[in-house]
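Asker: Structure incoming, see below.
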């Protein structure tokens, strides 16, 4: 899949940033994840209005081991275009375009899908799902002929659920806001015809609404992407199910839904339940 955003003047800075990354470290292949991927796939590609349009850039990169990660990081710093953060090993500042996060995944992961940042190893980060996001990434054409690999929208929803679960006590709104935007807009972001052609059963729900159908389709598509790309489908689906079951249970405090939409919390619970159902091949709740 390829999305052409080459005529978007607002993205020239991102094209320049990616060009500088490639120039400094030609062998480094990065995948855009996080809020920038959200903006490219929804705001720029489908004109979805998003209040929190960002200039934060998160790059995921496959790394065989920690020396490989540090070599890539040093190549960026050695170009003179990037400066290391004093304390955060994954942060670099570009000379003109702000901060980037460089998140490694792959062979340096533990069996449970986490990494422990050296040297102490006491800072642990969950990266379960990044491998699958890389394998199913979409290509975006940016200004000046720059190509970018970006996580697909359903896989971004997966990463947002996992990220919220890991860091909601430190950053309670960031991932929940993004998840709500993705679940509600996956259907209008180029998938509306599929509702009638492939999933007309959703229209038969007694309390049908487009947001819930969109959330269900996000889960359905995420499951397909995971199954076509992952060697650990049961582990990843099991992790998601555990989180979603806890957050949609009738006795739950519904912290994720409450943060997704403080006013329409009941609807947000329904979006999560629909995403969960789609992920497991079940009808909308």
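Asker: Could you list, in sequence order, the residues of the range 76-120 that are closer than 19 Å to residue 62 by Cα and out of contact with any strand residue (DSSP E or B) (no Cβ under 9 Å at 6 or more places or on another chain)?
Answerer: Passing the criteria: 111, 118.
Asker: Taking the options 201, 220, name whichever one is within 18 Å of residue 1 (Cβ to Cβ) and either in a helix (DSSP H, G or I) or modelled with pLDDT of 95 or more (or both).
Answerer: On the way: 201 fails: within 18 Å of residue 1 (Cβ to Cβ).
Of 201, 220, the one residue that is within 18 Å of residue 1 (Cβ to Cβ) and either in a helix (DSSP H, G or I) or modelled with pLDDT of 95 or more (or both) is 220.
Asker: Report whether or not residue 193 is under 16 Å from the mean Cα position of the chain (by Cα), modelled with pLDDT under 95 and in a helix (DSSP H, G or I). So that I can check it myself, show each step before the final result.
Answerer: Working: under 16 Å from the mean Cα position of the chain (by Cα): no; modelled with pLDDT under 95: yes; in a helix (DSSP H, G or I): yes.
In short, no.
Asker: Also, I was wondering about something else. Please specify each residue of the range 210-231 satisfying the condition of being surrounded by 17 or more Cβ atoms within 10 Å (Cβ to Cβ) and more than 18 Å from the chain's Cα centre (by Cα).
Answerer: Result: 211, 212, 213.
Asker: Can you spot a residue in the range 181-192 that is out of contact with any strand residue (DSSP E or B) (no Cβ under 7 Å at 6 or more places or on another chain) and within 23 Å of residue 112 (Cα to Cα)?
Answerer: Filtering the range 181-192 down to residues out of contact with any strand residue (DSSP E or B) (no Cβ under 7 Å at 6 or more places or on another chain) leaves 181-192.
When the remaining residues are screened for being within 23 Å of residue 112 (Cα to Cα), the result is none.
Among the residues of the range 181-192, not one is out of contact with any strand residue (DSSP E or B) (no Cβ under 7 Å at 6 or more places or on another chain) and within 23 Å of residue 112 (Cα to Cα), which makes the answer no.
Asker: Sticking with this one: When the range 153-175 is examined, which residues are found to be touching a helix residue (DSSP H, G or I) at 6+ places or on another chain (Cβ under 6 Å) and either more than 16 Å from residue 219 (Cα to Cα) or surrounded by fewer than 23 Cβ atoms within 10 Å (Cβ to Cβ) (or both)?
Answerer: 163, 164, 165, 172, 173, 175
Asker: Here's a follow-up. Run residue 139 past the list (1) at pLDDT 95 or above; (2) closer than 30 Å to residue 213 by Cα; (3) surrounded by 15 or more Cβ atoms within 10 Å (Cβ to Cβ) and report the number of the one that doesn't hold.
Answerer: Every condition holds for residue 139 apart from (3).
Asker: Is it fair to say residue 32 is in a helix (DSSP H, G or I) and assigned by TED's automatic domain parsing to the domain that holds residue 75? Don't jump to the end; show me each part of the working.
Answerer: Working: in a helix (DSSP H, G or I): no; assigned by TED's automatic domain parsing to the domain that holds residue 75: yes.
No, not satisfied.
Asker: If a residue must be more than 23 Å from residue 84 (Cβ to Cβ) and not in a strand (DSSP E or B), how many such residues does the range 110-132 contain?
Answerer: Final tally of qualifying residues: 8.
Asker: Does residue 156 satisfy being farther than 24 Å from residue 45 by Cα and part of a helix (DSSP H, G or I)? Walk me through it before giving the result.
Answerer: Working: farther than 24 Å from residue 45 by Cα: no; part of a helix (DSSP H, G or I): yes.
No: the conditions fail for residue 156.
Asker: Also, I was wondering about something else. Report, by residue number, each residue of the range 17-28 that is within 15 Å of residue 80 (Cβ to Cβ), out of contact with any helix residue (DSSP H, G or I) (no Cβ under 6 Å at 6 or more places or on another chain) and crowded, with 18+ Cβ neighbours inside 10 Å.
Answerer: 17, 20, 21
Asker: Here's a follow-up. Name the residues in the range 1-27 that are in a loop (DSSP other than H, G, I, E, B), modelled with pLDDT under 95 and within 20 Å of the chain's Cα centre (by Cα), would you?
Answerer: 1
Asker: When only residues in the range 37-49 that are surrounded by fewer than 23 Cβ atoms within 10 Å (Cβ to Cβ) and touching a strand residue (DSSP E or B) at 6+ places or on another chain (Cβ under 9 Å) count, which is farthest from residue 192 (Cα to Cα)?
Answerer: 44
Asker: Considering only the range 75-98, state which residues are under 15 Å from residue 30 (Cα atoms) and not in a loop (DSSP other than H, G, I, E, B).
Answerer: First, pick out the residues of the range 75-98 that are under 15 Å from residue 30 (Cα atoms): 75-76, 90-92.
Those that are under 15 Å from residue 30 (Cα atoms) and not in a loop (DSSP other than H, G, I, E, B): 75, 76, 91, 92.
Asker: Here is a follow-up. Residue 212 - would you say it is touching a helix residue (DSSP H, G or I) at 6+ places or on another chain (Cβ under 7 Å), closer than 27 Å to residue 1 by Cβ, in contact (Cβ under 8 Å) with a residue 12 or more places away in the chain and not assigned by TED's automatic domain parsing to the domain that holds residue 132?
Answerer: On the way: touching a helix residue (DSSP H, G or I) at 6+ places or on another chain (Cβ under 7 Å): yes; closer than 27 Å to residue 1 by Cβ: yes; in contact (Cβ under 8 Å) with a residue 12 or more places away in the chain: yes; not assigned by TED's automatic domain parsing to the domain that holds residue 132: yes.
In short, yes.
The values are calculated or read from the model by the stated rules, or taken from the named source; none is laboratory data. Nothing here was measured: the structure is a model prediction, and the numbers come from that model. Glycine gets a Cβ as well: all are built from the backbone with ideal geometry, and neighbour counts include every protein chain shown.
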